[in-house]
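The values are calculated or read from the model by the stated rules, or taken from the named source; none is laboratory data. Here the structure is a predicted model, which is why all the values come from computation and not from measurement. Cβ atoms come from the backbone with ideal geometry, glycine included; neighbour counts cover every protein chain shown.
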Amino acid sequence: MEWLLVAVALVGGALVAAEVKLPLFGAVSLAAVAGVAVGIDASPAVPSFGTAILTGAATLMGGSLVVMMVIGLTLDRDKSWQRIAVRVAGSWIVAIAVLYLAWTFKSVA
């Protein structure tokens, strides 16, 4: 599921860098996909199935909450320097995601 996490980071970072404002449904959908990817990728090492389900659900909810909080912080920025700072952060996220994908595909090949 690493590729899904990187893909979500790539898409989210590109949207932020391009200053594209998603409708609420789009932002929530992107956050939900990221949260599911984090929850699936974080496989707990626990002895019982019930504990694995409980810790997996907690990881899923925590990951979704963090992603939604970050999206919420970047939705409405009033001052021009705040918008520029958010776009710079988005472009760095895109760069990191592209480098990671290139490194992953290079390691596989």
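Counting only helices (runs of 4 or more DSSP H) that fall entirely inside segment 1-83 and contain at least 3 residues that are at pLDDT below 75 and surrounded by 15 or more Cβ atoms within 10 Å (Cβ to Cβ), the qualifying elements are 24-41, 49-75.
Out of the residues in segment 85-109 that are of a type in the set (V, I, T), exposed (fewer than 15 other Cβ atoms within 10 Å of the Cβ) and modelled with pLDDT of 80 or more, state the one that is nearest to A9 (Cα to Cα). It would help to see each step written out before you state the result.
Taking segment 85-109 first, the residues of a type in the set (V, I, T) are 86, 88, 93-94, 96, 98, 104, 108.
This time we only want the ones that are exposed (fewer than 15 other Cβ atoms within 10 Å of the Cβ), so: 88, 96, 104, 108.
Filter again for modelled with pLDDT of 80 or more, leaving 88, 96.
Numbers: V88: 14, I96: 9 Å.
So, considering only residues that are of a type in the set (V, I, T), exposed (fewer than 15 other Cβ atoms within 10 Å of the Cβ) and modelled with pLDDT of 80 or more, the one nearest to A9 (Cα to Cα) is I96.
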